[in-house]
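Heads up: the structure comes next, in structure tokens.
What follows is calculated from the coordinates using simple rules that are stated; it is not laboratory data. Note that the coordinates shown come from a computational prediction; the quantities given were computed from them, not determined experimentally. Glycine also receives a Cβ, built like all others from the backbone with ideal geometry; neighbour counts cover every protein chain displayed.
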Amino acid sequence: MIQAAGVSSSSSRLPVVAGALVLLLVAIIMVGGVAVRSTISTSFQNAENVRSAQALSLEALKLQLDEETGMRGFAATGDRVFLEPYYFATPKLKATFARLNAAVLAVGASEAARPLDDALATNDRWQRTIAGPLINRRFSPTLQRKGKQLVDRFRNDIVSADTVLDGRERAINAAAQSAIGRIVLLSVVAAIIIAGLAIAFFVQQIRTWRRLDEERTRAEAMRGDAAALRASYLAEKRIADTLQDAFAQRPLPSHPALRLSATYVPAFEEARVGGDWYDALELPGNRVLFAIGDVTGHGLDAAVGMNRARQALITSALVDSEPAAVLTRVNEDLIRQKASLVTAVMGYADVENCDIAYSVAGHPPPVLMEPGAAPRFLECGALPLGALGEATYQTYRVRTVPGATLILYTDGAVEQTRDVLEGERILLDAVLAATGEHGSDFAALIHRTIFNGAAAGDDVAILTIGFAERAAEGVHVSVGGLNARVSGKRV
């Protein structure tokens with residue numbers, strides 16, 4: 001903001017003071033938030049511990065009931081089968097009481113320890129004075145009455161312990177609510193102060209803007225001119241930088257058992273600058289990664305989308321050997337970035353076995369030229385990258401022969417007649433016509449045959465991968481890394 005000479009020093013200090021106070025209050029709110037989280041977490045943990053203790057008390061009550069039920073059944077029938085619940089529950093009851101006492105102490109409900117100790121002692125007494133004689137077949141009404149008294153006492157003790165635990169849970173919840181209330185109140189006060197400071201700052205800014213209105217009016221024209229010049233400069237610089245990078249060609253990977261060639265011919269109109277690109281990269285295991293693609297649209301946005309897509313594809317391809325999985329990963333990346341749609345073909349060529357594995361995302365189908373046969377289109381399909389998050393892609397595998405050539409191209413190669421079927425026929429004818437002559441410039445020869453000197457209305461990229469007539473023995477592809485990669489791209 002332009003600073004007028006008449007602005008007082010107190011006014012200029014106000015934003016600094018207000019900013020410092022805001023930072024302080026924001027820090028207080030952040031500390032309060034951490035405290036709320038810690039309080040809630042502690043409260044939940046304590047409540048969970050209380051519920052665990054209550055579950056153990058319920059388990060103890062259930063086990064005692066199993067003891068009593070088994071003993072009642074045996075007393076009524078004299079059949080020892082009814083003693084099974086008793087023998088099962090008796091050893092587990094003591095272990096449950098040990099865990100219950102530990103849980104009660106962990107939640108700070110020490111008042112529950114006394115009734116629990118009494119309950120355990122009552123159960124021991126019931127075992128000695130009631131269960132033992134009954135097992136030895138000394139039945140009597142007196143034993144039954146005394147046993148009922150002991151069982152009732154045991155259950156009352158468990159209820160007393162549960163009451164203490166319920167009270168402890170309510171106390172924990174109340175303490176948490178109180179702490180949260182204090183912290184929330186502090187946050188509300190801090191927010192009110194921040195709002196007050198914002199209003200004061202806004203009022204001060206309005207006063208300052210009024211003083212600066214005359215200077216702003218005089219400077220407006222100069223700022224507009226400067227902005228226009230800067231925007232023009234940045235646009236020219238972006239175009240120059242991206243075009244310079246686009247046409248900086250690097251050598252294709254070289255291998256005695258492969259013939260690789262590529263060409264990229266941009267559209268002649270600057271307004272039609274597009275996003276066609278291709279890549280080739282040597283990999284370990286006598287394999288070569290190949291890719292070609294086209295970003296929808298034209299201009300610098302297409303160039304940015306092209307760079308994003310090809311970098312994502314190469315990165316994914318270096319960690320995954322399945323073409324369909326690579327395209328799936330790239331599709332998910334572009335969906336997350338809300339990037340432009342991209343059509344692409346990528347895959348791997350196995351130099352030793354003349355095997356090709358590839359996957360297609362909405363791109364024109366590859367062409368395969370084999371010795372003694374007419375060129376043919378390979379299978380293709382699936383949606384472009386960035387179109388649908390749930391899109392699926394398929395890996396196609398082709399076993400070919402030495403001397404075969406795979407031709408990849410962008411749609412500019414088949415759309416010169418505005419009739420795709422006619423364009424595909426012209427492409428196959430061009431591949432066949434160029435086969436007898438092709439060498440290191442096979443891709444360029446195909447392009448010249450298609451257009452015959454005519455101007456293309458769109459960018460055209462062509463990449464060919466040919467298997468040698470006789471693969472050299474003992475030849476292995478060296479890992480060239482990024483230095484072995486060729487990028488023919490359009491900005």
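Quick one: order Asp459, Asp118, Asp79 by neighbouring beta-carbon count within 10 Å, fewest to most.
If I rank by nearby Cβ atoms, fewest first, I get Asp79, Asp118, Asp459.
Counting 0.36 nm for each residue step from Leu24 to Leu318 and taking away their Cα separation leaves a gain of 101.0 nm.
The residues Val189, Val460, when put in order of fewest to most other Cβ atoms within 10 Å, stand as Val189, Val460.
Computed from backbone phi, the HN-Hα couplings of region 443-449 come to 4, 5, 5, 4, 4, 5, 5 Hz, rounded to whole numbers (Karplus: 6.51 cos²θ - 1.76 cosθ + 1.60, θ = phi - 60°; Gly and Pro given as x). Principal axis extents of the Cα atoms in region 95-164, from largest to smallest and rounded to whole angstrom, are 44, 21, 12.
When +1 charges are put on Lys and Arg Cβ atoms and -1 charges on Asp and Glu Cβ atoms, the dipole computed for region 9-199 relative to its Cα centre reaches about 280 debye. Which whole number in µm²/s is D for region 250-489 by Stokes-Einstein, with the Kirkwood Rh taken over Cα pairs at 10 °C and 1.306 mPa s? For these conditions, the coefficient is 90 µm²/s.
Listed by chain and number, the aspartates and glutamates whose C-alpha is less than 14 Å from the C-alpha of Lys94, apart from same-chain residues fewer than 8 away, are Glu59, Asp66, Glu67, Asp117, Asp118, Asp124. Backbone amide hydrogens, once placed in the peptide plane, bring Leu260 within less than 5 Å of Gly466, excluding anything fewer than 5 places away on its chain. Summary of the geometry: region 107-174 and region 421-450, compared by the centres of their Cα atoms, lie 95 Å apart. Since only Leu134, Ala174, Ile28 are under comparison, the one whose Cα sits farthest along the positive direction of the charge dipole of region 9-199, derived from C-beta charges on Lys, Arg, Asp and Glu, is Leu134.
Putting +1 on Lys and Arg Cβ atoms and -1 on Asp and Glu Cβ atoms, find which of Phe88, Gln54, Thr77 reaches farthest to the positive end of the dipole of region 31-92. Farthest towards the positive pole: Gln54.
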